[in-house]
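Here the structure is laid out as structure tokens; the discussion comes afterwards.
The values are calculated or read from the model by the stated rules, or taken from the named source; none is laboratory data. Note that this is a predicted model, so its numbers are computed, not measured. Cβ placement follows ideal geometry from the backbone for every residue including glycine, while neighbour counts extend to all protein chains displayed. Quick note on the areas: whole protein, heavy atoms, side chains included, nothing else; ligands and nucleic acids left out. Shrake-Rupley method; radii C 1.70, N 1.55, O 1.52, S 1.80 Å.
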Amino acid sequence: MRDQAYSLEAGALRDAILHHLKYDAGKDERNASVYDWRMALSLAIRNRLVDPWFESTRRTYAEDRKRVYYLSMEFLIGRLLQDAIGNIGLESAAREALAGIGVDYDAVILDEPDAALGNGGLGRLAACFLDSMSSVGVPAYGYGIRYEHGLFRQRFEEGWQVEEAEDWLTQRHIWEFERPEAAYGIGFGGSVADGADGRRVWTPEQHVVAAAYDTPVPGWRARWANTLRLWSAKPTKLFDLALFNRGDYLHAAAPAVLAEVISRVLYPDDTTPQGRELRLKQEYFFTAASIQDIVRRFRTQHDDLALLPRKIAIQLNDTHPAIAAPELVRLLVDGHGMAIGAAIELARDCLSYTNHTLLPEALERWPGELMATVLPRHMEIIERIDDWHVKSVRSHGGKRPEGVRIVEPGGAVRMGDLAFVAAHRVNGVSALHTELMKATVFRDLHALHPDRIVNQTNGITPRRWLYGCNPPLRRLLIEAIGESWVADLERLEAIAPLADDAEFRRRFAEAKQENKRHLADYVAAHTGIAIDPHALFDVQIKRIHEYKRQLLNILEAVAHYNAIRREPDRDWTPRVRIFGGKAAPGYATAKLIIKLINDVAATVNADPTVGDRLKIVFPANYNVSMAEILVPAADLSEQISTAGMEASGTGNMKLALNGALTVGTLDGANVEIGERVGDDNIYIFGLTAAEVAARHAAGHDPQAEIAACPALAEALEQIEHGAFSPDEPDRFRPLVEQLRGSDHFMVSADFAAYHDIQRRIDGDFRDRDAWVRRAVLNTARVGWFSSDRTIRGYARDIWDVGPVLQED
């Protein structure tokens, strides 16, 4: 059976599928459901991954390779079956095998639920990096939490976002292997005292067990495979039988309840003290388990702890795992008797930190009382790290600025500063973002450590975000230039001359149109709204946040709607505005923006005067699988964040790679995309980051901006007085008052420029052939934004680890 399962032939794969259907699903062909067929196919494919997975691990140990450990609260991996099939080159065989049994391959693929392990760009970046580390051949582990329910499933009730628990784990997650032998005790609370040997002894009050579940992550053509290890919280005991027998049922189940909540939900609402405590416990839970696992693995081959930086590289994906520094120091000092200064230096040489935000409120800051209550030993160590940093700066002749403190005078702990101080490298994720880090959130620390901050511009995996999600374009590209671009995306530059080939442009346009028809079918099925595939598909897909400015988009949509109603006989360019994204449950303003979008959509879509010239759609529950439909179909990519606030973005890269033209501010990676595609193939508008900073410093006057722009003034007046919410006229007054007041995110300041450039886009889209030529050049010139290139940069500049595989 093993030889058949590993064959590339459709017949052998069919036999493997039938074998698993019978012996694993316990079904025969006549009674098998789509779920059964998916499980059988998944097992047949998974079996092909085990050998390269094992071989990669054996080779890493045999050659005593340095490993990378990537710690992230999120891994937005999406569906895995189609991704695995594509990476090992079995799509044709799988289609043929299932067709021979009379089973619809596409129905089987679509039956797989998205793994609810992330929210947005942070988690999707982590997933792309895992794919690239395997494709490039960097030995690595990804570490995170095996969330039972993840973020949440979004639905709309009368236009309002409603959050429901995700249920992805109610089905068997076929890709994971449980590892009962890899379990670690994790403690919270309690007390710290001096032990008999002089070491500090932490005696936690609460305990859970971190249980490991491993998923193989194959690279392109399965030449190398790494591991995603996710931790699930388990109770140390199911319940206290003595308390139960005394009738104290609630307290008897307390150990199980604590364990259940820790790995249940991604980002619990931290607007309450209970939510903040749970979030801190989550972060420590997965980080502590990961650090213990890393040290345990190191100790199986090495006794000398001084070798740690030569054998392990720990990457902190944002501040969530910043507690890794005091945890590693704790293990070295309390567990191995190392001096505190030596332990801090050793930890620093192992750790590096990726910053993803310039928003001070997003650089986590924990109250000192909470930290000392939940993690009392770690609070002590954080204070020691702070003292060590002061002394090390002074010993090198530096004077520490007063503002550089990990622990503030009031006791609060700045996790961003902790991550910076405890890391040997700190990286930004776009050229602009990295320079702004130096000048803003880490200005004082950068002055003390001018060589610590480096740049690694984000990237995306071409395996998922072109080869997998866009079969029509994939087929055209392979026919035109071969398949080598899948492993070396910059080879797409070879199609740039074909932008001047009329036949290639025609076929490129046909591929886009096929994707647009697919999206139109999806929208009709999920929203009941009919959209014209020949219209301009204008897409903004990302987390709903004020700085990402979905509000700017919908305000311009209202102005566009008003203009059409005033001149209904004008030859308007048909446009479909498509939104996708979720708002955090406690983020009231973001949820109100969602409601506004849906209310405006309801009015516009029902207006016979407008018809198909403008439609607004917002499919619920945006996730990776929805993105895989939206991205290939987009004509226009909305990247309109307030300049200086988006670290990089990766949606901008995905959409450009699939032939969408970008409309955006000079923010994040938009700057670098523009440099590569050329000014003629991107639409840039609005204030620069420096101009935004200057406005804030001088005092921004949104009232003057609104008065100077009649289209904006009219739209705000309508929204403020209930034109789109007649059942509750004051519903959106808070949004309008905010715009008339501080307008922190410069919506009014950028509105006129945004409105003007959208009308220019309308005109440009009417010349479809010229538009397609520019779309081809976008696809051709954004190959640099591959996560393979990013990972090679990390390996060279941060991790000091050489890829195992040689480039072709």
Percent antiparallel among DSSP beta bridges confined to the chain, nearest 5, equals 45
What does the charge add up to near Gly187, with Lys and Arg as +1, Asp and Glu as -1, over the other residues with Cβ less than 15 Å from its Cβ?
-> 0
About the Cα centre of the chain, what is the dipole size in debye to 20, counting +1 per Lys and Arg Cβ and -1 per Asp and Glu Cβ, all else neutral?
-> 1560
Under 5 Å between amide H atoms, partner at least 5 residues away or on a different chain: which partners does Ile453 have, H built in plane at 1.01 Å?
-> Val426
Among Ser725, Ala780, Leu666, the residue whose Cα sits farthest towards the positive end of the charge dipole of region 637-782, when +1 is placed on the Cβ of each Lys and Arg and -1 on the Cβ of each Asp and Glu, is Ala780
Quick one, can you get me the convex hull of the C-alpha atoms of region 489-528 expressed as volume per residue in Å³?
-> 75
Signed unit charges on C-beta, dipole axis of the chain, positive-most listed residue Val539, Phe765, Leu363 | Leu363
If you take the C-alpha gyration tensor of region 645-702, multiply each eigenvalue by 5 and take the square root, what semi-axes do you get, largest first, in whole Å?
-> 25, 11, 9
Report, in order of residue number, the helices in the chain meeting two criteria: a C-alpha extent of 18 Å or more along the helix axis, and a mean Kyte-Doolittle hydropathy of at least -1.0; treat each whole DSSP H run as one helix.
-> 10-23, 34-62, 121-136, 273-299, 376-395, 550-566, 588-605, 747-766, 768-781
In the chain, with Lys and Arg counted as +1 and Asp and Glu as -1 at Cβ, which of these residues, Gly26, Ala210, Gly482, has the Cα nearest the positive end of the dipole, that is, farthest along it?
-> Ala210
Whole-number accessible area per residue in Å² for the chain, which is evaluated in the context of all protein chains at 1.4 Å | 37
How big is the charge dipole of region 662-808 about its Cα centre, in debye rounded to the nearest 20, if each Lys and Arg gets +1 on its Cβ and each Asp and Glu gets -1 on its Cβ?
-> 420
Using a cut-off of 13 Å between beta-carbons, work out the net charge of the residues near Asp500 (Lys and Arg +1, Asp and Glu -1, Asp500 not included).
-> +1
Can you give the calculated 222 nm mean residue ellipticity of the chain, where each DSSP H run of n ≥ 4 adds -39,500 (n - 2.57) and the sum is split over every residue, rounded to the nearest 500 deg cm²/dmol?
-> -14500 deg cm²/dmol
Would you pull out the residues with amide H under 5 Å of Val201's amide H, same chain only if 5 or more places away, H placed 1.01 Å from N?
-> Ala193, Asp194, Gly195
Taking every Cα atom in region 568-663, find the radius of gyration and the maximum pairwise distance Dmax, and write them in Å.
-> 15.0, 44
Shape call for region 447-533 from the C-alpha gyration tensor, a ≥ b ≥ c root eigenvalues: rounded (a/c under 1.5), prolate (a/b greater than b/c) or oblate?
-> oblate
Could you pull out every residue, at least 5 positions away or on a different chain, whose amide H is within less than 5 Å of the one on Arg575? Hs are placed 1.01 Å off N in the peptide plane, and Pro or chain starts have none.
-> Leu536, Leu614, Lys615
Between region 132-161 and region 263-292, what is the C-alpha centre distance in whole Å?
-> 16
Net charge of Cβ neighbours under 13 Å - reference Asp727; Lys, Arg +1; Asp, Glu -1 | -2
Log10 I(q)/I(0) at q = 0.06, 0.07, 0.10 Å⁻¹ for the chain, from Debye over equal alpha-carbon scatterers, is -0.39, -0.54, -1.13
Considering Cα pairs under 8 angstrom that are at least six residues apart, work out the relative contact order of region 510-576 and quote it in whole percent.
-> 35
Between the alpha carbon centres of region 671-709 and region 46-80 the gap in Å comes to 43
Compute the longest continuous run of the chain that contains no exposed GluC sites (Glu not before Pro); treat a site as exposed when its DSSP state is not H, G, I, E or B and it has at most 16 other Cβ atoms within 10 Å.
-> 484-806
Per the C-alpha gyration tensor (a ≥ b ≥ c, the square roots of its eigenvalues), region 429-468 is rounded if a/c is under 1.5, else prolate if a/b beats b/c, else oblate; here it's prolate
Violations at 28 Å Cα threshold for listed pairs Lys438/Lys582; Lys22/Lys237; Lys281/Lys654; Lys615/Lys654; Lys234/Lys311; Lys438/Lys542 -> Lys438/Lys582; Lys22/Lys237; Lys281/Lys654; Lys234/Lys311
Check: region 520-673 dipole with +1 on Lys, Arg Cβ and -1 on Asp, Glu Cβ, in debye = 440
